[in-house]
Amino acid sequence: MTKVKAHIIGGGFAGLAAASCLANDGYDVTVFEKNAMLGGRARKFEANGFVFDMGPSWYWMPDVFESFFNKFGKSAKDYYDLQRLDPSYSVFFGKDDIMEVPANLDELHQIFESLEPGSSAKLTQFLKEAAYKYEVGINDLVYKPGRSLREFVDMRLITGVFRLQVFNSIYSHIRKYFKHPKLIQLLEFPVLFLGATPRNTPALYSLMNYADIELGTWYPMGGMHKIVEGMVSLAESLGVKFETNANVEQIKVKNGTATGLIIGGEELLADVIVGGADYHHVEQHLLEEKYRKYSEHYWDKREMAPSSLIFYLGIDKKLKNLHHHNLFFDQAFEQHAIEIYEQPQWPSEPLFYVCCPSVTDASVAPEGKENMFILVPVAPDLKDDEATREKYYNLVMERLEKLTGQSVKEHVIYKKSYAHNDFISDYNSFKGNAYGLANTLRQTAILKPSLKSSKVSNLYYTGQLTVPGPGVPPSLISGQVVAQEIAKAFKNKKEIQTI
């Protein structure tokens, strides 16, 4: 007798979560990662004394992380030191027009009231509704595997469907409460990366406002990669094995059952396989055509979340007028959204985001210097070349200097850009997207690509192209959900007879 052998393709958040859950349930688990470092989009790199998180930089929904570690009798604090940021972030609406969003809710109420008399009471009601959506959405909906409508035959979900506001837009929902353009922009910001304009995003996602305002913005000291290190440490303690620089070339299938992975020309046998890498790549490039559930036409019709143009910068001085997280909303929000989602093109006057983790954490930059990460959300599947990257670098740096009242560009001593071509090269990312599948109504729950193959009996998928969707907390949940589905399928077969 031997343990059921599970092979996981990809060492990102979803793959790591699935690995720990399966190992804890008695499976023999190995994770195969094509890159030299685990973490997927949450990898890090070091250069000239600067430590850069390559991808996720917002730590929201701390309860989701805590719940994950609690499954194993652990806590997030066993692996990293979590600090709440105050202010949570700053919003630049123009020169000398800056809103610092406080961690203290009473202070935020004062800001609302100062901009729009009467809006403080409306914020209370808005957040009360958002809290209900968060409770039901995060604790019930997102843990559903999305394989059947029967999963949603639940009195709590049925009776609450109107309170969840699945069929209303976040655009109209916010405007029902607030009129001031700054308040509207502030509340629409969290849905920007969900993959659609606010007009096409369900009002259900005001739950993101609850996560932002009530639960707060946090930071793991040392950087977001500390989460990855913690998850890897946990997985190894449970017996998970990791193989890096292990590019999967093919999933071998015989009579509708996956037998193993081809890596370096060699077949590594497995009883169950989890695709934690890009779903489109795993299905369309690692499987023979007859074993693919979806066609290329199907994938081309999917609405993708944005890609990103990122600049990792080392600055030879400390900067002023910047906090850890900074949003630059000095240009029209709707126009940029249209150029991402409805008329895909390089944006004319993009909004952008600046992260300065060294404001909070001295360990990520040499003394007296600043670590800066600039991100411009852009449409996926655009032509990406150095000339375009440089054009936008100059554009955002000019605006950054003007809006913060200081010279920055001449103090850059390290610079690295990252965009579509890099997402494709490093992650086999479909159309160079950064965030996965858009969270539109037509791509929710059972309408997302299935986490279970219908043509290969023991092949599963996890991550941001399947349920529940894009983002770090959803990816963590996705890994747990797929592990639960595998456990159901294998029932008590933690061991199998070998010949």
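Values for this structure:
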item: Pairwise label distance in nanometres, residue 390 with residue 402, each label 7 Å out on the Cα-Cβ vector; result: 2.2 nm
item: Cα Rg over Rh - the stretch 416-473, Kirkwood; result: 1.04
item: Where N is the number of residues in the stretch 1-47, Cα Rg divided by 2.2 N^0.38 Å; result: 1.30
item: Within the accessible area of the stretch 384-435 (1.4 Å probe), percent carbon and sulfur; result: 48 percent
item: Relative intensity, log₁₀ I(q)/I(0), of the stretch 346-499 from a Debye sum that treats every alpha carbon as a point, q = 0.11, 0.13 Å⁻¹; result: -0.65, -0.82
item: Rg/Rh (Cα only; Kirkwood hydrodynamic radius) as it applies to the stretch 125-256; result: 1.09
item: The stretch 267-316 - Rg and Dmax from Cα coordinates, angstrom; result: 16.9, 56
item: Shape parameters for the stretch 78-197, alpha-carbon atoms, Rg then Dmax in Å; result: 17.2, 54
item: Spin-label model distance (nm) - residue 66 vs residue 83, 7 Å beyond Cα toward Cβ; result: 2.0 nm
item: Computed lengthening from residue 163 to residue 331, 0.36 nm per intervening residue step minus Cα-Cα distance; result: 57.2 nm
item: Dimensions (Å) - the stretch 200-251, Cα atoms, principal axes, largest first; result: 41, 33, 20
item: Cross-link partners of residue 34 among lysines (Cα-Cα below 16 Å; sequence separation of 8 or more within a chain); result: 44, 241
item: Residues in the stretch 56-91 reached by a label modelled at residue 113 [backbone nitrogen below 12 Å; 7 Å Cα→Cβ]; result: none
item: Portion, in percent, of the accessible area of the stretch 101-208 that falls on carbon or sulfur, probe 1.4 Å; result: 59 percent
item: Low-density loop cleavage sites - GluC sites (Glu not before Pro) in the stretch 107-142, where at most 14 other Cβ are within 10 Å (DSSP); result: none
item: Whole-number accessible area per residue in Å² for the chain, which is evaluated in the context of all protein chains at 1.4 Å; result: 40 Å²
item: FRET efficiency, residue 301 to residue 421 (Cβ-Cβ, R0 22 Å, nearest 0.05); result: 0.40
item: Value of [θ]222 nm, deg cm²/dmol, for the chain, DSSP H segments ≥ 4, -39500 (n - 2.57) each, nearest 500; result: -9500 deg cm²/dmol
item: Cα gyration tensor shape for the chain, rounded if a/c is under 1.5, else prolate or oblate; result: prolate
item: Neighbour-limited loop hits for GluC sites (Glu not before Pro), the stretch 364-400 (at most 11 other Cβ within 10 Å; DSSP other than H, G, I, E, B); result: 367
item: By average C-beta atoms within 10 angstrom, highest first, the peptides 94-105, 16-27; result: 16-27, 94-105
item: Relative contact order for the chain, counting Cα pairs under 8 Å that sit 6 or more residues apart, in percent; result: 25 percent
item: Residue (of 438, 372, 216) at the positive-pole extreme of the chain, dipole from beta-carbon charges; result: 438
item: Calculated on alpha-carbon atoms, Rg and Dmax of the stretch 1-157 in Å; result: 21.2, 71
item: The stretch 42-81: mean projected area of Cα convex hull, nm²; result: 3.5 nm²
item: Carbon/sulfur fraction of accessible area - the stretch 278-343, other protein chains in place, 1.4 Å, %; result: 42 percent
item: Two-decimal Rg/Rh across the stretch 262-406, once Rg and the Kirkwood Rh are taken from alpha-carbon atoms; result: 1.11
item: Charged-residue dipole, Cβ positions (Lys, Arg, Asp, Glu), the chain about Cα centre, Debye nearest 20; result: 1400 debye
item: Kirkwood estimate for the stretch 23-97, i.e. one over the average of 1/r between Cα atoms, Å; result: 16.3 Å
item: Potential extension, residue 48-residue 447 segment - 0.36 nm per residue separation minus Cα distance; result: 139.1 nm
item: Label-to-label distance, nm, for residues given as residue 491 and residue 106 (7 Å Cα→Cβ offset); result: 5.9 nm
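The values are calculated or read from the model by the stated rules, or taken from the named source; none is laboratory data. These numbers come from a predicted model, not from an experiment. Ideal geometry is used to build each Cβ from the backbone, glycine not excepted, and the neighbour counts take in all protein chains shown. Note: areas computed on protein heavy atoms with side chains; ligands, DNA, RNA excluded. Shrake-Rupley method; radii C 1.70, N 1.55, O 1.52, S 1.80 Å.
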